Every structure is written in structure tokens, then in C-alpha cells.
Amino acid sequence: MAKDFKISGEIFDDDTLLRKQKSILRKLRASADESFIPKRIAILSGSTVNDIKNLTEIFLLNEKILPTFYESEYNKFYEDAVFGNEILDEFNPEIVIIFTGTVNILNRPEIFDTPDEVEEKLNAEYRRFETVWKKLSEKFSAVIIQNNFDMPHTRPEGNFDSVFPGGLQRFVARLNEKFAEYAEKNPGFYIHDINRLSAEIGLSRWHNRAQYYAYKFAVNYDVIPEVAKSLKKIVCAVLGKVKKCLVLDLDNTLWGGIIGESGVAGISIGHETATGEAYEEFQTYVKNLKERGIILAVCSKNDEEVAKTGFSHPSGVLTLDDFAIFVANWEPKNLNIKRISEELNIGLADMVFIDDNPAERELIRQTLPEVAVPEINPDDVFSYIRAIEDEGYFDIVAVSGEDRQRTEFYRANRQRKTAAENFADYDEFLKSLDMSAEVGAFTEIYFDRIAQLTNKTNQFNLTTRRFTREEIRKIAEDKNFVTLYCRLKDKFGDNGIVSLIIAEKKNSALHINLWLMSCRVLKRDVENFMLNNLVERAKKSGAAELVGYWFRTKKNGQVKGLYKNFGFEKVSEDENSGVWSLKLSDSVPQKNFIRLEEKKV
């Protein structure tokens, strides 16, 4: 069954994508600019993966990620990782993908093995891979993405293969569990779930033994586009290149029927009907997205008060409190989505729009092309879930405490904007917020959020350097760096971690390699507060000078003059970059209304 893929606005089926991969790659590479995130990716494989690499590059370029690849020789993943490779060492990958599968299991159980012998083989196979992961972690500040194991292509014992100790299917399941346990305990190590992917595609399509014998393809050539797209999803999740906000219509999207015509009693949701049960499942799915950090918004053509009554249905799962913003009126939906974007202070590219009406979907596609608008089938409510998952819009590799509070963050930010309108003097408004901040060096409990911020923040980001969690960990442990995070609170709530600085010691100077701030707290004088704290820590480290850098991107023009405004002296400057210096003996405390709070972690 052919599957379609959207690349740079064009639709390709899997066969065309495979046949035209080189020409598509040339076109996408030519379109790359400074807004693309460059990443060095090593693929250490146990099979032939050149086409997988090419299509993964296509999907990553489509997401504005510019990869360069190292590809191991056929089935040399263990040797490259454990015994070393000068070319790989020089490449110094930021992401390592270990693309292996069931074909690469060496210590296989036999039907007459005793339980103890099976256990010995299981542990030996696990240790073989664990050695690979540990060696890579010792050498590189790289994220590691490891395939788990697909289901075997045969099961000679039939159903019993999943039960008795010598069955390969059971052996694979136990290995996968051990891999998952390692991932759970080792941040920066992630599982690419080909076990699930092979089941979704279907084992009869996934395996092609003739191709394996002839070309050493571990998967059927026809499913390579789906494998590459799956790899793209996890790389995007690692880099924080995922969507933030799910914008939802109401009638025939979150419930069956039209609330304005039928009232609460007339809409369909709940176990009483098959249709109602489908909508209940979708609401449960959406609720789960919200609970782990996705912002929910309503965009509905409706009377607002009438629309809100739909959330009083006794079988409803979602409540009004689950939504950061609720927009229901009779204005065109493209205008309302712009309003949602502005009020939440997030980009249109961070949004996904679900609506049962094809005309509304097409309006958003034509007028707001940055917004993701998946195609859905209103006659199959489960297609709403499938459409979201197929694209990996909200895929994650970890959940931080801040993710769980994101709806509250954005709701509180709207309250701050409303409060600001009541003050003629902005300083008085800032004082009224009663702001306090926890400031400290990077600590493990915040590594996930810190990595997220470095890969998402663009408007207030002086150098736009991107870091993986593992790179953040290495920097935090390196005494040649001074690191700072800021967690901001005010009378409306906790804003979470909103600003970061990474500065590297070089002789008597601290060079500011990264300085960013979340757009949630622009115009709150957080940058003033952070500079004051950086100066204090720089003096304690023995530095005599701060050196700051600015590199132009499409989005960070507003911070071009930041160092000049802070009294730094210009070292060099042109349209695209600038270097600035501040003697610490000349530093002047910057005004702000933020109270320093005792560090809690």
C-alpha cells in the first residue's frame, strides 16, 4: 500500500521518493540557509543503510535541520564504537544512531537451551550493546539513538515462541525491555522504537529476506521512507523541533453534533454510542497531550458562552481549565489563529490545527502555511489521533516538570498582559509583579529543559547555538565554563526556567558562547538581572573581562544592540555579527525589579 509524504510543499508517494531521492536532496540542500540547525550525525549500522540515510536527510532538511553524516561500513557498528575509528573521531558526532535489528543478534537462543543458558545469552547480548553505548559516551558529547529489535521474521514454534525461554520472539521482547531500562536510567540515550514501527507497517511488508540475502537490507526497501520518517521524528524530538500548541475546533471535532443547535444534551460523547465513544477517546488523547506539556487552544465558529457549555457534558474528559486560550466567535479562523499566536506569544510554526471542516483546513493552509494542518477523515474520529501521530508533531524523548505546567505558564502570561494595560508607568507595572528569581549553575534536574531552550529560543538568542542534553551535561561538569540559569516567579505564578548563559574561560576573559531568553518574559528586565549575576560570578572566577558575541539570524535582530546598550565596547561589527567587550572594573549594575531567591536545587 503506497504512502504519501509531503516534502517542501510537494506530495510524493514512497516509490517516487525512493526513485527521486538524489534530485530531491539536491534541491533541499540548495534551499538551506542560516536558519537551518546544523548537526553532525553518525549512523553506525548492522546492515545496508545508505538509502535510509539519504531519506532521513530529506526529512530532516524538510524540518530545517542541516545534517552531515558519517556512515559506518557494513555491520561495523561494534568495531567503530569500541575499537575506535580516526575518521569517526575527527567527525566528532553530535548524534549517533545505532541502526541495528534482530538480524544483528549474535547470541541467539536455541530450542534445547536450558533457562540458565538462555539467560546467559541474553545477558551477553545485552552487554555487547551496553559496551557500545558506554564507549561512545566516553568519547563523544553525543546523544545516542539506539534501535530496539523488530519482531523476528519467523517463529518456528508458533504461538509457543512467545512463551518458552528458547523462543526468539520472547528473547527479543526481553532484550527490548533491558534496552528500555537502560534508556530510563541514562539521559541522553534514546530508543528508536522499530519494534512498534514494524508492527504498524506489518511484518509481511517489513521483512524481505530476498533483499536481505542479496543486499543486506534489514528492512524491505519499500518501507525505507517510513523508517527514515520515524528517524526524523526522534531526531526532531531530541532537538526540541516539535510543535507546542494544538488548536482545536469544537463541533464534530471534540464532540459529535453542533452545540448551538442541539445543546449539551444533544452532542455525542461517551459510551452510549459508538460515535460518542470515539470522541471520548480523542478527548482523552488530547488531555494526555496537555498533561505532558502541549498547549491547548480552542478556535471555533460559535457563540462563546454556548460553546463553553459543551465542556459541562458529564462524559466529557476535557474541561475549560485545560485550555490556555478559548476563542469562539464568527470571525474567519485564520484571523483567530493569528490572535491565538499573538496572545500566547508563540510562532505560527509552533501550531497544529485540527478541524473537521475541509474548507476551514484549506483556508489555514492557504493563508497561514506555517501552521501544520493534517488531513483527517470526519467519518473516522480515530483518524484525528492517527494524523497527529503519523507526523510526530508532539513526539518527545523526555518530560520535564515545566512541560507539565506549560498551560499554566501561558495562561498566567495572558493575565500579566491584561494587568499591564492598567498601568500608565511600566516600571510600576514591573514592581507590581513582585518578581523573584532562582539563579544558579546548570544542574542535572534542569538539563532537559536547558537543552529544550537552546533548541527552541530564537528571538532573544545572541549566538543561536544548539546543544543536546549530553553536551549540556559535559559543559556543566567542565570547570572551564561558567553557566547560569534563571527560574522566574511572580504573583501570577512560576514562569519556569526562562534564561540561560554559557560562558567559557579563556585566560582572563569569559567568552559568552550562549545567552538566550524565552519570549515569555521579554520586557521584564530579566536580561539586566542575568548580566548582574554573570558579572558577579565572573569576578568570583577570577575573570577581568566579558566578551560577548552576536550572530545575525532571521529572528534575533532585536538583540543586535544588546551589548552596546549594556556599556560593552565594540571590538568588531558588521551587518551579520558583532564582538563586544566589557572590563569588569567598569561594569555598572543594571536596573531591574527582580528579587534574588535562594537556590533550591
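The values are calculated or read from the model by the stated rules, or taken from the named source; none is laboratory data. Since the model is a prediction, treat every value here as computed from it, not as a measurement. Counting neighbours? That spans all protein chains shown, and the Cβs are built from the backbone with ideal geometry, glycine included. The protein model used for the area step is the full one, side chains on, heavy atoms only, and it has no ligands, DNA or RNA in it. Shrake-Rupley method; radii C 1.70, N 1.55, O 1.52, S 1.80 Å.
Worth pointing out:
- A search for C-beta distances below 6 Å between a residue of the stretch 53-76 that is open to solvent by 10 Å² or more (accessible area, probe 1.4 Å) and any residue that is of a type outside the set (Ser, Thr, Tyr) and in a loop (DSSP other than H, G, I, E, B), counting only pairs 6+ apart in sequence or on different chains, returns Glu63/Lys241; Lys64/Phe36; Leu66/Ala32; Leu66/Phe36; Asn75/Gly46.
- Residue match in the stretch 261-283 (condition: open to solvent by 40 Å² or more (accessible area, probe 1.4 Å) and within 20 Å of the chain's Cα centre (by Cα)): no
- Taken over the stretch 165-199, the criterion of being acidic (Asp, Glu) and at pLDDT 95 or above is satisfied by Glu177, Glu181, Asp193.
- Options Asp80, Asp14, Asp4, Asp33; residue that is of a type in the set (Asp, Glu) and under 13 Å from Phe99 (Cβ atoms): Asp80
- Filter result for Ala228 (under 30 Å from Leu66 (Cα atoms), of a type in the set (Gly, Ala, Ser) and open to solvent by 10 Å² or more (accessible area, probe 1.4 Å)): no
- Residue within the stretch 196-207 that is without any contact (Cβ under 8 Å) to a residue 24 or more places away in the chain, of a type in the set (S, T, N, Q) and in contact with a Phe, Trp or Tyr (Cβ under 9 Å, 6 or more places away or on another chain) present: no
- Lone unmet requirement of (1) surrounded by 22 or more Cβ atoms within 10 Å (Cβ to Cβ); (2) at positive phi for Gly493: (1)
- Scanning the stretch 133-148 for residues that are in a strand (DSSP E or B) and either open to solvent by 10 Å² or more (accessible area, probe 1.4 Å) or under 12 Å from Thr100 (Cβ atoms) (or both) turns up Ile145, Gln146, Asn147.
- Taking the criterion of being open to solvent by less than 50 Å² (accessible area, probe 1.4 Å) and among the β-branched types (Val, Ile, Thr), the residues of the stretch 348-382 that qualify are Val352, Ile354, Ile364, Val371, Val373, Ile376, Val381.
- Taking first residues from the stretch 431-450 that are among the β-branched types (Val, Ile, Thr) and partners that are part of a loop (DSSP other than H, G, I, E, B) and surrounded by fewer than 16 Cβ atoms within 10 Å (Cβ to Cβ), the Cβ contacts under 6 Å between residues at least 6 apart in sequence or on separate chains come to Thr443/Val601; Ile445/Val601.
- Selection count, the stretch 459-487, where residues are open to solvent by less than 40 Å² (accessible area, probe 1.4 Å) and under 23 Å from Lys555 (Cβ atoms): 13
- Positions within the stretch 28-49 being part of a helix (DSSP H, G or I) and surrounded by 15 or more Cβ atoms within 10 Å (Cβ to Cβ), in sequence order: Leu28
- Scanning the stretch 529-553 for residues that are under 29 Å from the mean Cα position of the chain (by Cα) and either in a strand (DSSP E or B) or closer than 30 Å to Asp33 by Cβ (or both) yields Met530, Gly548, Tyr549, Trp550, Phe551, Arg552, Thr553.
- Among residues of the stretch 188-220, those that are open to solvent by 60 Å² or more (accessible area, probe 1.4 Å) and under 19 Å from Ile145 (Cα atoms), counted: 2
- Entirely in the stretch 253-331, the helices (runs of 4 or more DSSP H) that have 2 or more residues that are among the aromatic types (Phe, Trp, Tyr) and at pLDDT 95 or above: 274-291
- Scan of the stretch 77-110 for residues that are open to solvent by 80 Å² or more (accessible area, probe 1.4 Å) and closer than 20 Å to Phe149 by Cα, ordered by number: Leu106, Arg108, Glu110
- Residue list for the stretch 246-266, filter: farther than 18 Å from Cys299 by Cα and in contact with a Gly (Cβ under 6 Å, 6 or more places away or on another chain): Gly266
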